[in-house]
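Nothing in this text is a laboratory measurement; each read-out follows from the coordinates by a stated rule. Quantities reported herein were computed from a predicted structural model and do not represent experimental measurements. As a convention, Cβ positions derive from the backbone with ideal geometry for all residues, glycine included, and neighbour counts pool all protein chains shown.
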C-alpha cells in the first residue's frame, strides 16, 4: 500500500512538472500580430506630450551664447538630475529645465530654483515623457 502511494505521488509530481514547464502559444492572425508589434514599438520610444518646464532665463545680445552656455553648465552642476534644454529663438537664447507632467511638480522645483534664479517661471511646453 505504501509503495502504491509513493508511485502515485511520483507520477503526480512528474505530471505537474511537465504541465508547468510548458509555455502557452497563441495563434494570432498576421494583421493582429503586426498591430501588436507596432503598439509595443511605439510605446518604447520617447513621446512628446503637453507638460511644463521652468524657464530659467532668456537672454540676447553680443555675448548671449557664451552667457547661456555658462549658465547651462552651472545649472547642470547644481541640479544634476534635472534635464536642461537650451534653445535659440531669434533673438533670444533660452534655458529651460525639467519635464514635469503637472504644474504642482513644476511649482515645487521652482521654489528650489528661485533663490539662485529669481526671474525663473513655469511655462507650458512639449516635454519628453
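Give the relative contact order (percent, whole number) for the stretch 58-122; include only Cα pairs under 8 Å separated by 6+ residues. If you can, show how the numbers build up before the last one.
Details: 54 pairs, mean separation 16.9, N = 65.
Computed over the stretch 58-122, the figure is 26 percent.
Between residue 108 and residue 60, what FRET efficiency comes out of the Förster formula 1/(1 + (r/R0)^6) with R0 = 30 Å and r the beta carbon distance, rounded to 0.05? Present the calculation step by step, with values, prior to reporting the outcome.
Values: r = 30 Å, r/R0 = 0.99.
E(calc), rounded to 0.05, equals 0.50.
Assuming 0.36 nm per residue, please report the length gained on full extension of the stretch residue 81 to residue 50 beyond their Cα-Cα distance. List each step's numbers first, then the result.
On the way: separation 31, 0.36 × 31 = 11.16 nm, distance 2.07 nm.
Full-extension gain reported as 9.1 nm.
Residue 126 to residue 39: extension gain in nm, 0.36 nm per residue of separation minus the Cα-Cα distance? Write down the numbers at each step before the final one.
On the way: separation 87, 0.36 × 87 = 31.32 nm, distance 2.19 nm.
Between residue 126 and residue 39, full extension yields an extra 29.1 nm.
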